[in-house]
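The values are calculated or read from the model by the stated rules, or taken from the named source; none is laboratory data. None of the values given here were measured: they were computed from a predicted structure. So basically every Cβ, Gly included, is an ideal-geometry build from the backbone, and we count neighbours across all protein chains shown.
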Amino acid sequence: MGALGHFLERQGIPTASISLVREHTETIRPPRALWVTFELGRPLGIPDDPDFQRRVLRATAELLERTDGPLIADYPEHVGEEADFTGWACPINLAPQATDTLAAEIDRLATWHDQSVARTGRTTVGVSGLDMPAAGALLAAALAGDLPSAQTLKEAVDDLRAYYLEAASAFPDPGTSKKRKAWLWDETLFGKALLDLQPRLAASEDPQLRILGNLTLIPATERHRLAKA
Amino acid sequence: MVRRLSEMPEVEAHHLRRIECPTFDDTPALPGKPLSQRRVALISTAGLHRRGDRPFRPGDGSYRVIPAETPARDLVMSHISVNFDRTGFQQDHNVAFPIDRLRELVEEGVVGSMASMHYSFMGAFPPDAAEPHAQHLAGLLKQDAVDAALLVPV
């Protein structure tokens, strides 16, 4: 992010950045940065809180009038852990069962995903161009040894991940996003499929599949599950 | 709340420490008009684009165009990294791409106006791969009479 500040400002476009990782910004030294302590992925802090987001964006924009850069300003507001008022346990039984299949699990979530789309008016699924049964079939085929290109597999997996998490957000008692992410890894055949697939990708002769397996399939925070899988 | 790397869970801090950050000679911060007279563009590095536009790929330093009037339902994210939260963006695109907030700041008179086009890179780019695209983009921003860019990471 900070690199773009240098590139654009050198071409005559004044810039102000939000910084999520202060140590990175201290190294890159872009012209102007506002350091925020929010979770990675949420640079404006809190979803569906326009007032909070507007304050963050305004504080960033106001840095534009300063010419004493490189500067890092510390944003004074912080976001606490997402409040959890639920006794969340997965409200529909998605726990892997011997007789269940990934295709059946994907199908079962469709009605919940429809609920999510109806409520938010949007979905972030749709990078791969595949419908979810087809994305699931591609993942199942990869597990059976029929590996597509890394890019095709990555796009299908990321769409499925978005589909599962959006569907879970529409459950009657959706819990926190942290719990829904844990659910994906703890309780779904999809999470299990990714963990099963990882060693095969890591052992592939295709360097792009190895990158996928080693870096962009399983989040760093979930890699401890690989030893168990 | 995420503070310094030293205060983070080690597995996350370790991942972030491993990211190699480029260094640059200091770039002077340019003077400009008051904020209330500036035309502002948003530039995200969240790997955002319209559904149907080319997804980002590893090492991709190029950008995608997001017209100001793009409906939220058309926005998708193809960042290659899995090490950041996406549920916030799934719930509310503004938490990563604050286009509605920028519009409100313009309505309030805090910001002069907003650009007709906004942009997204995919932040995992090697700087050398992005620099020519960024230089080209600077020329397009000037054509759109943009005189400030807000850079939003993910």
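Return yes or no: is residue A:197 farther than 17 Å from residue A:127 by Cβ and not basic (Lys, Arg)?
Numbers: farther than 17 Å from residue A:127 by Cβ: yes; not basic (Lys, Arg): yes.
Considered against the rule, which asks whether it is farther than 17 Å from residue A:127 by Cβ and not basic (Lys, Arg), residue A:197 comes out as yes.
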Completion exercise
Exception for residue B:6 within (1) small (Gly, Ala, Ser); (2) more than 21 Å from the chain's Cα centre (by Cα); (3) part of a loop (DSSP other than H, G, I, E, B) falls at (3)
Practice task
Kindly indicate whether residue B:55 is in contact (Cβ under 8 Å) with a residue 12 or more places away in the chain and either in a loop (DSSP other than H, G, I, E, B) or closer than 15 Å to residue A:15 by Cα (or both).
Solution key: yes
Handout entry: Residue tally, condition touching a strand residue (DSSP E or B) at 6+ places or on another chain (Cβ under 8 Å), more than 10 Å from chain A (Cβ to nearest Cβ) and polar (S, T, N, Q), over region B:49-90
Key = 1
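Only one of B:120, B:113 is under 24 Å from residue A:155 (Cα atoms) and hydroxyl-bearing (Ser, Thr, Tyr); which?
B:120
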Completion exercise
Selection from region A:35-59 of residues more than 7 Å from chain B (Cβ to nearest Cβ) and touching a Leu at 6+ places or on another chain (Cβ under 6 Å) yields A:56, A:59
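Within region B:103-150, track down each residue that is part of a loop (DSSP other than H, G, I, E, B) and either farther than 23 Å from residue B:83 by Cα or modelled with pLDDT of 95 or more (or both).
Filtering region B:103-150 down to residues part of a loop (DSSP other than H, G, I, E, B) leaves B:108-112, B:115-116, B:121, B:123-126, B:144-147.
Matches in region B:103-150: B:108, B:109, B:110, B:111, B:112, B:115, B:116, B:121, B:144, B:145, B:146, B:147.
Of the residues A:37, A:67, only one is under 23 Å from residue B:114 (Cα atoms) and assigned by TED's automatic domain parsing to the domain that holds residue A:7; which? Step through it out loud before you land on a result.
Numbers: A:37 fails: under 23 Å from residue B:114 (Cα atoms).
None of the other options fit; the residue is A:67.
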Handout entry: Flag for residue A:31 being surrounded by fewer than 20 Cβ atoms within 10 Å (Cβ to Cβ) and at the interface with chain B (Cβ under 7 Å from one of its Cβ atoms)
Key = no
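Per-residue answers, yes or no, for (1) under 20 Å from residue B:124 (Cα atoms); (2) small (Gly, Ala, Ser):
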site: A:29; (1), (2): yes, no
site: A:57; (1), (2): no, no
site: A:62; (1), (2): no, no
site: A:69; (1), (2): no, yes
site: A:75; (1), (2): no, no
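Assess whether residue B:88 counts as being assigned to a helix (DSSP H, G or I), at negative phi and under 18 Å from the mean Cα position of the chain (by Cα).
Values: assigned to a helix (DSSP H, G or I): yes; at negative phi: yes; under 18 Å from the mean Cα position of the chain (by Cα): yes.
For residue B:88, the condition - assigned to a helix (DSSP H, G or I), at negative phi and under 18 Å from the mean Cα position of the chain (by Cα) - is met.
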Practice task
Would you mention how many residues in region A:109-161 are acidic (Asp, Glu), part of a helix (DSSP H, G or I) and either touching a residue at least 40 places away in the same chain (Cβ under 8 Å) or surrounded by fewer than 19 Cβ atoms within 10 Å (Cβ to Cβ) (or both)?
Solution key: 1
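Checking the conditions here, which among A:36, A:21, A:56 is hydrophobic (A, V, I, L, M, F, W, C) and within 22 Å of residue B:25 (Cα to Cα)?
The conditions single out A:21.
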